[in-house]
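The values are calculated or read from the model by the stated rules, or taken from the named source; none is laboratory data. Computed from a predicted model, the values in this text were never measured in an experiment. Cβ coordinates were reconstructed from backbone atoms using ideal geometry, including for glycine residues, and neighbour counts include every protein chain displayed. Note: accessible area is taken over every heavy atom of the protein model, side chains too, but ligands, DNA and RNA are not part of it. Shrake-Rupley method; radii C 1.70, N 1.55, O 1.52, S 1.80 Å.
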Amino acid sequence: MSKNDMPDPFDQLRSAQAPQPRAEARQRALAAARNAFEEAQKKTMAPPQGTHAGQRLTSIITSWTRNTIMDMRIPLGTMAIALVALPLGYQLYSTTSMTPAEIAAEAPARREAAAPNQTVADTAELDAAADAVAMPEPVPAPVAPAPSMAAAPVPSGALMESESFAPPPMLSQAPQESGDSFTSFDEQRLKAVVDEPVSTFSIDVDTASYSYTRRMLEDGLLPEPDAVRIEELINYFPYDYPTAESAEQPFRPTLAVYPTPWNPQTQILQIGIKGYVPEPSVDRPSNLVFLIDTSGSMDEPDKLPLLKRAFALLVDQLSANDTVSIAVYAGSAGVVLEPTPATEKARILSALDNLAAGSSTAGAEGIELAYRLAEQAKVAGGTNRVILATDGDFNVGIDDPEALADFIKGKRDSGTTLSVLGFGQGNLDDATMQALAQSGNGNASYISSFREAQKVLVEEMGGTLDMIAKDVKIQVEFNPAVVSEYRLIGYETRHLEREDFNNDRVDAGDIGAGHTVTALYEITPAGSEGALIDPLRYGQETPAQADSDEIGFLRMRFKLPESEVSQLIEQAVTPSVVYGDISEAGEDMRFAAAVAAFGQKLKGSEYGGHMPWDAIEALARSGRGADESGYRAEFINLIDTASLLKPDTATYPDTASDVCQVHGTCE
């Protein structure tokens, strides 16, 4: 028989019938199960091991004091931690915790301090938290009916408003107290031509105000109104005015009249000049004295370290005809470098690099020493200039500002001028620097960054050091038959009396090679509904000039660098320079008007401070032009920054009335 033919024993088991269970076997199985369960219960109910009944095992070794080793570790460690942690915890709680009343009282302050870009939902969440603490027993509100499923869905990020909460108005940031000091002045007022037909002022080529304003805005702060001098904002940028043909008449005026972008009922008269640029082959010698403030206040990254790098840029531009001296003032004045040819750049740069800040300030003593160095290396037919670099801190020396100004004027008359470079923030004495620069026939610049140092000391070095005309004065006489009102935009600190124009003893501003100067007047045409000054009831009849169509007459006086007798330039402002639309005016005109509007809005001008930021930006973009240096593009970005800090929708507490009331355009 084969293996496959053998019967499968499992088949027999499958076919077998299972026997019926016996009752006595079932009882025995149940009894065994109950006994096993009872034994298991007895084991779980047994007392734990240890020295005392019911106590957990703490140690396998027991000391003679009945305490275990683990018993000693745990209480002592816990006690040490408690002694250190509890007093610290109590002090932290007592100094940082707030009572419910304090939280409720602080909630409005938090709402006021919320940033302009904080969402209303964030503010509502703070309010709800404060209310929950201040009112622990809320009154039950009636249950609202369930919303309909057919209601329109709320878009993502949408804000749901209720009657009990309204979005807070966007408020303007207040100008920040920076610790810097500026000359206080009032905005130029509107004048009636029949009363004051002549306007006289000194030119201004300083640019410190724009650099300072830019730094403040880039730091997220609004500058103080007195820090914003509109003429310095406008003159910061180069303009493509025609240049003079010879050094004997170092500039010629460019005139344009176009509609005012912030008031359609007035016009802008723009006067522009550009200084003569000598031929590159003409290399006038320069005798430069660096007078550097090394007092303790200069020990900041944006002061002395930046100053060293800035002067290194200037030294690199000098030629073999130039000499450099370095004097410092800090407690006591000292000479760091005697007059040295500019070709010895390594020696000059080493002297700069070894400067360190410390001690108090003796500014006047340093100035006297600097002028002595200038006298030692004085050059004929060239530039003799002291360049003062400081944060404006003068604590020791000539205490009388007038005496210090007279000292600088005396040195100016003997042929040595003074320029001022300001550094840093928080201690800047702009007022003193402006006064010293004006007294010294120099210019004042604010070096806020390395890029600004490159602009002032490299790109504009010729204009900074090479003066082509001094005591430049501008006088405009308006024709009352054509113009009823006018106001000069900016130049508040450069005002001159009418008789000062022909007085050669009265000092005025200087202009360097290639420098551009721009002045803007806002004028109201005769008969315009935008006039703000009512005519006199008993005024004079229309003058004899009524038959002339001239808008005004421009006069300019200047002195050549080596002369003390002024020369006169005259030019009539005729209808030939009038543009019917601002888009027809040149790019320089549109851009200058945009900068003026920017400055007026930033200051909160009563006349031109209401033009929207987007309109200012659009006007600036239309006048950007080639902009090879990129300064105009930078200004356009600055408009965006200013609009965030001082929005159009902001309410200004210091504004006396609405703009429409000022201009009479309210409906």
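Figures for the structure shown
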quantity	calculated
Extreme residue, nearest to Leu457 (Cα to Cα), among residues of the stretch 317-331 that are out of contact with any helix residue (DSSP H, G or I) (no Cβ under 7 Å at 6 or more places or on another chain) and surrounded by fewer than 16 Cβ atoms within 10 Å (Cβ to Cβ)	Ser319
Filter result (farther than 18 Å from Phe237 by Cβ and surrounded by fewer than 23 Cβ atoms within 10 Å (Cβ to Cβ)) within the stretch 506-520	Val506, Asp507
Any hit, the stretch 378-387, residues being in contact with a helix residue (DSSP H, G or I) (Cβ under 7 Å, 6 or more places away or on another chain), open to solvent by 70 Å² or more (accessible area, probe 1.4 Å) and modelled with pLDDT under 95	no
Scan of the stretch 517-559 for residues that are of a type in the set (A, V, I, L, M, F, W, C) and at pLDDT 95 or above, ordered by number	Val517, Ala519, Leu520, Ile523, Ile551, Phe553, Leu554, Met556, Phe558
Residue among Gly609, Gly580 that alone is open to solvent by less than 30 Å² (accessible area, probe 1.4 Å) and assigned to a loop (DSSP other than H, G, I, E, B)	Gly609
Residue ID - least open to solvent (accessible area, probe 1.4 Å), chosen from residues in the stretch 486-505 that are among the polar types (S, T, N, Q) and out of contact with any helix residue (DSSP H, G or I) (no Cβ under 8 Å at 6 or more places or on another chain)	Asn503
Selected residue [open to solvent by 30 Å² or more (accessible area, probe 1.4 Å) and modelled with pLDDT of 90 or more] from Glu338, Glu368	Glu338
Yes/no for Pro238 being under 30 Å from Glu485 (Cβ atoms), open to solvent by 30 Å² or more (accessible area, probe 1.4 Å) and not aromatic (Phe, Trp, Tyr)	no
Residue count for the stretch 219-228, restricted to those that are open to solvent by 10 Å² or more (accessible area, probe 1.4 Å) and closer than 16 Å to Glu492 by Cβ	3
Residue match in the stretch 478-485 (condition: crowded, with 23+ Cβ neighbours inside 10 Å and among the hydroxyl-bearing types (Ser, Thr, Tyr))	no
Residue ID - modelled with the highest pLDDT, chosen from residues in the stretch 560-574 that are acidic (Asp, Glu) and either closer than 27 Å to Thr417 by Cβ or not in a strand (DSSP E or B) (or both)	Glu564
So Leu307, is it out of contact with any helix residue (DSSP H, G or I) (no Cβ under 7 Å at 6 or more places or on another chain), surrounded by 17 or more Cβ atoms within 10 Å (Cβ to Cβ) and touching a residue at least 12 places away in the same chain (Cβ under 8 Å)	yes
2 or more residues in contact (Cβ under 8 Å) with a residue 24 or more places away in the chain and of a type in the set (Ser, Thr, Tyr): qualifying helices (runs of 4 or more DSSP H) within the stretch 380-495	430-439
Count of the stretch 218-275 residues which are under 26 Å from Asp640 (Cα atoms), touching a Leu at 6+ places or on another chain (Cβ under 8 Å) and hydrophobic (A, V, I, L, M, F, W, C)	5
Members of the stretch 242-296 that are among the acidic types (Asp, Glu) and either surrounded by fewer than 17 Cβ atoms within 10 Å (Cβ to Cβ) or under 28 Å from Phe598 (Cα atoms) (or both)	Glu245, Glu248, Glu279, Asp283
Which numbered condition Gly442 fails, given (1) surrounded by fewer than 24 Cβ atoms within 10 Å (Cβ to Cβ); (2) within 31 Å of the chain's Cα centre (by Cα); (3) within 26 Å of Ser319 (Cβ to Cβ); (4) not β-branched (Val, Ile, Thr)	(1)
